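Here is the structure we will look at.
The values are calculated or read from the model by the stated rules, or taken from the named source; none is laboratory data. Keep in mind it's a predicted model, so treat the numbers as computed, not measured. Please note: Cβ atoms are built from the backbone with ideal geometry, for glycine as well, and neighbour counts cover all protein chains shown. The accessibility values were calculated without ligands, DNA or RNA, using every heavy atom of the protein model including side chains. Shrake-Rupley method; radii C 1.70, N 1.55, O 1.52, S 1.80 Å.
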Amino acid sequence: MSVEVRPEQREIVGLVRDFVEREIIPVVHQLDHDDEYPTQIVAKMKELGFFGFAIPEQYGGSGLDFETYAMCCEEIARGWMSVTGVINTHFIVSYLVEQFGTDEQKQRFLPKLATGEMHGGFSMSEPNCGSDVQAIETRARRDGDDYVINGTKMWATNGEHSTVVATLVKTDPDAKPTWKGMSCILAEKTYDGFRSTKRIEKLGYKGVETTELVFEDNRQPATNLLGGVEGEGFKQMMAAIELGRVNVAARGVGVAQRAFELSIEYAQQRHAFGVPIAKHQAIQLKLADMATNITAARLMTQMAARKKDAGERADVECGMAKLFATETCFETVAEAMRIHGGYGFSKEYQVERLYRDAPMLVIGEGTNEIQKLIIARGLLERYKI
Ligand SMILES: Cc1cc2nc3c(=O)[nH]c(=O)nc-3n(C[C@H](O)[C@H](O)[C@H](O)COP(=O)(O)OP(=O)(O)OC[C@H]3O[C@@H](n4cnc5c(N)ncnc54)[C@H](O)[C@@H]3O)c2cc1C
C-alpha cells in the first residue's frame, strides 16, 4: 500500500520505521495506559536528529522536504500518535521561524530547535474560542523594547515541555478587519509571568501533555515578534496550520495503517464457525474497505505535501487530505474494533488505544467541519463564473 517513494526517502523513512519498531512499539502500551511522557523516546529522537528533520541544513537540521517529513510522521503515528504530537508543534514553530522570521530570529532559534535544546509549542486556541481564531482575547501591548502579554491560552500540546511557544495575540484589538491587528510572538518561558498551568485530562492522545498557558504581565522582548512587523500574525499562523494539516493527515494514515495491520493479522488467527474469521466475507469486505481508504488517504496526503513543497497554493488539497485521512482513520479504528470482537474492547489489545486516539484528529488543526468550509471556499474561487 505504498506511494511512489524516492531512494533517499526510502532510506530516511526506513530509519524511522526501524526506530518505531525498536523504541516505540514495545513500550507504547504501558506508556499510554500510565499516561506517561515518553522521556526516553524523546531523548533518542533528539539524539538521532528528529527534531531538526525539516530545518534547513545551514541551521543544523536535515532539510527534509514536507513530503518526506509527512512520511516520517505516518511511520511515527503508526507506532504512537502521541509521539508525533511531541514533534509536530515543534515542526510548526521551526517552519514559522524559517519562513517568516528575521535573520536574527533564524540565527537565534533555528540551531537550538534543530538539536531539540529548544522545544517549540504552538498556541492559538483559547478557553472561549478555537475555530473562530479571530475571537482571541490574549493581548500584547508594546512597552519600550518589550511586549507585555496578558491572557489565557488553551489546549497547548507540549504546554509543559515547550520552551518557546509561537503565540497568537492581538497587538491592535481595534483593527478592522480584526486579523490585521493580530501578531505572532515567539514567547519564551524564561521570561517571568508565562507558565503552563492546568494539564487537561484526555480520552486519548496520552503521554504528551495538553495544557492551559497563562500570561500575566509577561514581558517578551520586541525582538521576539515573528518577522519584526505587527499585524502579520494571522496570515503567518494560517500558513503554518495549513502545513500542520498535512501532518495531521499523515498521522491519520499512520494510525489507520496500524489498525489495519492488527486487524488483518487477528482475522487470520481468530476462528469462528470452524474457520479463521478472515474466511468470512463480512470480514473480508471490511479489510478491503480499510486498505482502499488508507491507500487513497496516503495518496491525498502525498499530493498535498508535494503542492506545498512546490510552493503552490494548497489550501484545498491540505484541507481535503486532512478531512479524508482523519475520517478514514476514525472509521478504520471502529472497524478494527468490530473485527477484534470483544477483545477489541479490552485494554489488553492495542486497538482500544487507537480507538481513543483517532477522534482527536478530526478536531485538531481545525475541525473537519471547518475543513469543509475551507475546501468549499477554495473551490468557489477556483470555479468562479
Ligand atoms: C488534544 C488536543 C490538542 C490540541 N492542541 C492544540 C495546540 O497545540 N494549539 C492550539 O492552538 N490548539 C490546540 N487544540 C485546539 C484545537 O485546535 C481546537 O479544539 C479546534 O480548533 C476546535 O476548536 P474548539 O474546540 O474551540 O471548538 P469550537 O470552535 O467551539 O467548535 C465546536 C463545534 O462547532 C463547530 N463549528 C464551529 N464553527 C463552525 C462553523 N462556522 N461552521 C460549522 N461548524 C462550526 C466545530 O466544527 C465543532 O464541531 C487542541 C485540541 C485538542 C483536542
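Of note:
- Test: residue in the range 283-290 that is within 16 Å of the ligand (Cβ to nearest atom) and assigned to a helix (DSSP H, G or I): no
- Within the range 130-146, residues that are more than 12 Å from the ligand (Cβ to nearest atom) reach partners that are open to solvent by 40 Å² or more (accessible area, probe 1.4 Å) and of a type in the set (Lys, Arg) with beta carbons closer than 7 Å, at six or more positions or on different chains, in the pairs Asp146/Arg219.
- Qualifying positions in the range 263-294 - in contact with a helix residue (DSSP H, G or I) (Cβ under 6 Å, 6 or more places away or on another chain), without any contact (Cβ under 8 Å) to a residue 60 or more places away in the chain and over 25 Å from Phe324 (Cβ atoms): Gln268, Pro276, Ala278
- Only one of the listed residues (Pro26, Pro38) is outside the structural domain of Asn158 (by TED's automatic domain parsing), closer than 24 Å to Gly207 by Cα and free of Cβ contacts under 8 Å to residues at least 40 places away in the same chain. That residue is Pro26.
- Here the range 202-212 is the region considered, the condition is being part of a strand (DSSP E or B) and closer than 24 Å to Gln40 by Cβ, and the residue that is nearest to the ligand (Cβ to nearest atom) is Thr210.
- Candidates Val333, Val255, Val316 - the one that is of a type in the set (Val, Ile, Thr) and under 17 Å from the mean Cα position of the chain (by Cα): Val255
Per-residue answers, yes or no, for (1) in the same structural domain as His161 (by TED's automatic domain parsing); (2) buried (at least 24 other Cβ atoms within 10 Å of the Cβ); (3) under 12 Å from the mean Cα position of the chain (by Cα); (4) modelled with pLDDT of 95 or more:
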{"site": "Lys46", "(1), (2), (3), (4)": "no, no, no, yes"}
{"site": "Ile55", "(1), (2), (3), (4)": "no, yes, no, yes"}
{"site": "Ser62", "(1), (2), (3), (4)": "no, no, no, yes"}
{"site": "Asp65", "(1), (2), (3), (4)": "no, no, no, yes"}
{"site": "Met81", "(1), (2), (3), (4)": "no, yes, yes, yes"}
{"site": "His90", "(1), (2), (3), (4)": "no, yes, yes, yes"}
{"site": "Gln99", "(1), (2), (3), (4)": "no, no, no, yes"}
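- Some residue of the range 372-382 being of a type in the set (Val, Ile, Thr) and within 13 Å of the ligand (Cβ to nearest atom): yes
- For the range 213-225, the tally of residues that are within 15 Å of the ligand (Cβ to nearest atom), buried (at least 21 other Cβ atoms within 10 Å of the Cβ) and among the aliphatic types (A, V, I, L, M) stands at 1.
- The set of residues in the range 312-362 being surrounded by fewer than 19 Cβ atoms within 10 Å (Cβ to Cβ) and not in a helix (DSSP H, G or I) consists of Glu312, Arg313, Ser346, Lys347, Glu348.
- When Asn158 is tested against (1) more than 10 Å from the ligand (Cβ to nearest atom); (2) touching a His at 6+ places or on another chain (Cβ under 7 Å); (3) of a type outside the set (Val, Ile, Thr), exactly one condition is not met: (1).
- Residue ID - nearest to Lys170 (Cα to Cα), chosen from residues in the range 79-130 that are in contact with an Asp or Glu (Cβ under 8 Å, 6 or more places away or on another chain) and of a type in the set (D, E, K, R): Glu126
- Candidates Asp143, Asp103 - the one that is assigned by TED's automatic domain parsing to the domain that holds Phe51 and surrounded by fewer than 16 Cβ atoms within 10 Å (Cβ to Cβ): Asp103
- Leu31 in a helix (DSSP H, G or I), of a type in the set (A, V, I, L, M) and open to solvent by 10 Å² or more (accessible area, probe 1.4 Å): yes
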